[in-house]
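One structure is given below, encoded as C-alpha cells.
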Amino acid sequence: MTASTETSEPIHVMGAGLSGLAAAIVLAKAGREVHVHDIRDDSGSRFDGDFQALENWSMDDDFFDQLASWGLDASSFKATTFDTVDLIHPDDVITQAKTGGVAYRIVERGTSDHTIDQGFKRQALDAGVHLHYKSRVKEEDCTIIACGPKGTSAVAYGEIFSTDHPNHIAFQLNDKLAPGSYSYLIIIDGVGLICTCLWRKQRKSERFLNETIAWYEEHYPNLNRQPIKRVGGKGDFTINRRYKQDGRYYVGESGGLQDFMWGFGMRMAVWSGVLAARDLLGQGDYERDVRQKLMPYVRTSVANRWLMNRVGDRTFKRMCTAWMNDQAKRGDGLVWIGKLFRPTMFKRVLYRVVSPFMLRNDPKAMGRGVRRMPFRPALKRDVWQPSAAAQAVGQQWDAVRRGGGHVSFADDQESDKASQEASAISS
Ligand SMILES: Cc1cc2nc3c(=O)[nH]c(=O)nc-3n(C[C@H](O)[C@H](O)[C@H](O)COP(=O)(O)OP(=O)(O)OC[C@H]3O[C@@H](n4cnc5c(N)ncnc54)[C@H](O)[C@@H]3O)c2cc1C
C-alpha cells in the first residue's frame, strides 16, 4: 500500500468520517479505486447519537445546494430544519431568533441508519468505495488524511434523553455554564440533547453539564427528561502552513479546518474532502482552493475566538441585545449572525495581529507547520459549588450509568491512543 496520486493506482483514505467519506464518494464516482480505513468499527461511532447543527448562515450558498453541486445526496440522511431558535441571554432572558429561510439543519451523528455518517457511508458503498473498519494504517501510506481531531482545543459534553416535549432548539450564551462558549438544547422527535461546550479546561468538568441540565429543567419545565446516555468529544483547532504535503491531503479537522469560535466544523469537513478529491481528479489545486475558499472563514473564526476569549457575560448580553435589535430592524435573525462569521478587513487584520500569540507549534506534525489553539486554562470564576439541583442531576445520571447508561466520549481517548500508536508506527 502506498500513497498515490497516479490515476491508475488505488487511493487510500485514513478516516471514514465526513471529510474522508466525502472525498471517497467524489473519487469513486469518477471511477477511481478508493479504500477508506478507520480505526473504529463503523462511521459515526465517535459520536454515538449526538445531534449536531449544520449551520446555514455563514455563506451565501445554502449548504444543501452545495452538497448537490458536489454530487452528494442530502436525502440519504435525516435532517430536521429549524427557522427559529430560542436565544438565551446570560441573564436568563429568552428571546427568539427567526428567519424566513433555513437557520439550522439538525442531523444525528452515529451509527443508526438515519445519521449523516451512515448516509455518507451508504453513498460511498453505492459509488464502489472499499471500506475497512478496525483498520490501522500509516499516515505515509495514505493519500488523504481525514482522521478528525488529534489534539484538544475545546470539549463538549452532552446528555441524550427521551422526552415528550415537541421539537425545539435553544442556544445559550452563559459563561458560567459554558466557559468561553455556549450550551444548547435540541429536541427532535422525542429525543433530546442538552450539551455544554467548554473552551476553558476544567477539573471535574461533569459539573458543568449537570448544572446546565439543571438550568434547562428549571426554565423548560415540560422537558420530562429521561436520561439515556452521555456523549461528547473534543475539537482540534489548528492553522497549518501546508494543507497538502508530500502528496498527502489533510482534510477536515486533520487539517484544522474548523470554526475556532464555536466549532461548527461539519461544513468545512465535507467541503475540504471534496476539494481534495477534485485536486486528485485534476479539477483543482487543493492548497490554493483551501486558501481561497475556506481559510478566509477559518481566519475570521480565529479573530472571533480571540475576541470571545477576552469577554464574559456582560459582552455576551450585549451580543444578544445587538442580535435582537438587528433582527427587529431587518426582519431576519440570520443577518447578524451571518455577519459575525463572514470575513471582513477588520477580522483579517486582527487575525494577523493576534494569531502569533494565540497558537502554539505542534512539533509532531510531519513538517506541515501546524499551530494549535491550546486548551485555555480555567479562570478563577470557573470555581463554584454545584447547586442542589445540579447535584440531583448528577446522582440521577450515576444511577442511569450503573444501570448500563453509556458514556461515549471515553472513546475519544481510545482514538487518541490509536492515533499515537499510528504516529509511532510512522516514525
Ligand atoms: C460534541 C461535538 C459536537 C459538535 N457539534 C457540531 C455542530 O453542531 N455542528 C458542526 O458543524 N460541527 C460540530 N462538531 C464538529 C464536527 O463534528 C467536526 O468538525 C467534524 O465531524 C469533522 O469531520 P472530520 O471528517 O474531520 O472528522 P470525523 O467526522 O470525526 O471523522 C474522523 C474519523 O477518523 C477516524 N480516525 C481517527 N483516528 C484514526 C486513525 N489513526 N486511523 C484511521 N481512522 C482514524 C475516526 O474514527 C473517525 O471516524 C462537533 C464536534 C463535537 C466533538
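The values are calculated or read from the model by the stated rules, or taken from the named source; none is laboratory data. It should be emphasised that the depicted structure is a prediction, and the values quoted were computed from it without experimental measurement. Backbone-built Cβ (ideal geometry, glycine too); neighbour counts: all protein chains shown.
Among the residues of segment 221-233, the one identified as under 21 Å from Ala154 (Cβ atoms) and more than 10 Å from the ligand (Cβ to nearest atom) is Arg230.
Candidates are the residues of segment 132-148 that are in contact with an Asp or Glu (Cβ under 9 Å, 6 or more places away or on another chain) and of a type in the set (A, V, I, L, M, F, W, C); the one that is surrounded by the fewest Cβ atoms within 10 Å (Cβ to Cβ) is Ile145. For the residues Gly71, Gly100, the requirement of being more than 26 Å from Val231 (Cβ to Cβ), assigned to a loop (DSSP other than H, G, I, E, B) and touching an Asp or Glu at 6+ places or on another chain (Cβ under 7 Å) singles out Gly100.
Please enumerate the residues belonging to segment 108-122 that are touching a Ser or Thr at 6+ places or on another chain (Cβ under 8 Å) and either closer than 26 Å to Gly247 by Cα or in a loop (DSSP other than H, G, I, E, B) (or both).
Arg109, Gly110, Thr111, Phe120, Lys121
May I ask you to say which residue of Asp313, Asp289 is surrounded by 19 or more Cβ atoms within 10 Å (Cβ to Cβ) and acidic (Asp, Glu)?
On the way: Asp313 fails: surrounded by 19 or more Cβ atoms within 10 Å (Cβ to Cβ).
Only one candidate qualifies: Asp289.
Scanning segment 149-200 for residues that are on the phi > 0 side of the Ramachandran plot and either of a type outside the set (Gly, Ala, Ser) or surrounded by 24 or more Cβ atoms within 10 Å (Cβ to Cβ) (or both) yields a single hit, Asp189. Could you say whether any residue in segment 46-64 is within 11 Å of the ligand (Cβ to nearest atom), part of a helix (DSSP H, G or I) and in the same structural domain as Gly101 (by TED's automatic domain parsing)? Yes. Number of residues in segment 234-260 that are under 16 Å from Cys147 (Cα atoms), charged (D, E, K, R) and within 8 Å of the ligand (Cβ to nearest atom) equals 2.
Of the residues making up segment 155-172, none is away from the ligand (no atom under 16 Å from the Cβ), closer than 27 Å to Arg310 by Cβ and in the same structural domain as Ala53 (by TED's automatic domain parsing).
If I ask for residues that are among the hydrophobic types (A, V, I, L, M, F, W, C) and assigned to a strand (DSSP E or B), which ones from segment 150-178 would you list? Within segment 150-178, Ala154, Val155, Ala156, Ile160, Phe161, Ile169, Ala170, Phe171, Leu173 qualify. The helices (runs of 4 or more DSSP H) found wholly in segment 261-378 and carrying at least 3 residues that are within 16 Å of the ligand (Cβ to nearest atom), more than 16 Å from Ile239 (Cβ to Cβ) and outside the structural domain of Leu27 (by TED's automatic domain parsing) occupy 334-341.
Identify the residue in segment 125-149 that is more than 8 Å from the ligand (Cβ to nearest atom) and in a loop (DSSP other than H, G, I, E, B) and, among all such residues, is farthest from Asp279 (Cα to Cα). This residue is Lys134. Among the strands (runs of 3 or more DSSP E) confined to segment 179-259, there are none with at least 3 residues that are at pLDDT 95 or above and not assigned by TED's automatic domain parsing to the domain that holds Ala22.
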